[in-house]
Amino acid sequence: MKTFEERYTAWIDGKLDGAELEAFEKELEEHPDALADREDLLKLGSLLRTYGHAPELSNAEFFNHQILTQIREEEKAEAPKETVPTPIFAWLLRPFVWATAAMLIIAGVSVYRVVSPQQQVKSGLDRYVDLSPTPEPEPEKPYNVQIVSAESTDPDISVTPIHSEKDNVTVLWVDGLDYLPASYHGE
Amino acid sequence: MIPEATEAENPAPEDELQLVEKCQAGDTEAFNELVTRYRNRAYAMIYNMVRNEQDAWDLAQDGFLKAWKSIGRFRGQSSFFTWLYRILMNVTIDWMRRRQIEGGMEFDDSLGLRNVEPGAMTAPKDEMQPAEKLSDKEIRARIDAAISKLSEEHRAVIVLREIEGMEYQEIADAVGCTIGTVMSRLFYARKKLQTMLKDVYENL
């Protein structure tokens, strides 16, 4: 059973017919203002249709562009990263792995022979080591880092490296930075 | 009924279905085509709800993005546009509710109905202004102001029925309620607008 409001709306919109319309119009005889009200509501509808329309969508092509850009960005972010090589690559890589391993072993042996000949003499395992000259012990380096250049991208800031051999220390002197606020220290 | 569109905007159903299927396969160009076809109507519908161009633009974007994300769930039980309309309507109503909560705004749902019985035939005339000729700009401003005083639910049905020209069933599908609820909301929404705009349409 439809409510009065539902039937009234249908009557305004001309959606009642046949027996339903007849019955409702009989009911409306108790409401003498009904016809005037209907005229009113039809004028209201006409007003809304005439003046209620939205302005044109501006920058329509950019509207599409922005949607597609966002879709692609989201899909890119969600795409899984490729971590597993394809089987054909794995097969191709295998000889390189073995070659690299062999080179590392050879390099390791060479380094061992050059770096610790004294240990080898002590162990007596290598008799021709005695013929090679005893390497001079390397002097202790004054410092481990060498500053090649020091410069700032900000033209107002200058950077000067200062090295003291006596103290074995290098200082980077930076001029032009903003002072820290006094309150910073307290915090 | 959903408003008639131009030939370019109103494709044959098969064509639209093909585009939807392509979208479901991940074809963004097909979705671009659907956006082009429906962007104006989507924007207009949202504008009529929020009465602000920038907000309508942003919400239409959100609506299309949501449609893309959920297009895999579209089963073709209704037309694509009806389905899209529902998404757009949900996006818009959610936004209006959030804004209402954040801004502490309150819709005066009882506006104009304090003295109106559900069965009353005419609206009270105490808010009418003296007869004067209004400019188009003033008329639009009055309509904007009146619609903005309606609740989201009343605003949705009045916009879809009076401005978009949709049928009750289409409105029910778009809003997600029964036809009876649509008709009932229309009754009250019209009564409120009648109260607020009577002097406008009587002086045209």
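The values are calculated or read from the model by the stated rules, or taken from the named source; none is laboratory data. These numbers come from a predicted model, not from an experiment. Every residue, glycine among them, receives a Cβ derived from its backbone with ideal geometry; neighbour counts consider all protein chains shown. Ligands, DNA and RNA are excluded from the accessible area calculation, which covers all protein heavy atoms including side chains. Shrake-Rupley method; radii C 1.70, N 1.55, O 1.52, S 1.80 Å.
If you take the square roots of the eigenvalues of the alpha-carbon gyration tensor of segment B:11-86 and sort them as a ≥ b ≥ c, do you get rounded (a/c under 1.5), prolate (a/b over b/c) or oblate? Judged from the Cα gyration tensor, segment B:11-86 comes out prolate (a/c at least 1.5, a/b above b/c).
Label segment A:5-64 by shape, choosing from rounded, prolate and oblate, from the square roots a ≥ b ≥ c of the eigenvalues of the Cα gyration tensor; if a/c is under 1.5 it is rounded, and otherwise prolate applies when a/b is larger than b/c, oblate when it is not.
Judged from the Cα gyration tensor, segment A:5-64 comes out prolate (a/c at least 1.5, a/b above b/c).
Share of carbon and sulfur in the accessible area of segment A:1-78 stands at 49%, probe radius 1.4 Å. Using every pair of distinct Cα positions in segment B:34-77, the Kirkwood expression returns a hydrodynamic radius of 11.0 angstrom.
Sorted from greatest to least, the principal axis extents spanned by the alpha carbons of segment B:159-204 come out as 36, 18, 10 Å.
Each 10 Å bin from 0 upward holds the following percent of the Cα-Cα pairs of segment A:35-82: 21, 20, 17, 16, 15, 8, 3, 0. Annotation for B:Ser79 and A:Arg38: the two label points, set 7 Å from Cα along the Cα-Cβ direction, are 2.9 nm apart. Contact residues in segment B:130-175 by the 50 Å² criterion (accessible area, 1.4 Å probe, full protein complex versus chain alone): B:Arg140, B:Ile143, B:Glu162, B:Ile163, B:Tyr168. Total Å² of accessible surface buried at the A-B contact, 1.4 Å probe, nearest 100? For A against B, buried area totals roughly 4500 Å². Relative to the current alpha-carbon distance between A:Asp17 and A:Gln66, full extension at 0.36 nm per residue lengthens the span by 12.8 nm. Spin-label model, A:Glu136/A:Thr100: points 7 Å from Cα along the beta carbon direction are separated by 3.9 nm. Listed by chain and number, the lysines whose C-alpha is less than 26 Å from the C-alpha of A:Lys76, apart from same-chain residues fewer than 8 away, are B:Lys22, B:Lys66, B:Lys69.
Each label was represented as a point 7 Å from its Cα along the Cα-to-Cβ direction; for B:Gln24 and A:Glu73 these points are 3.0 nm apart.
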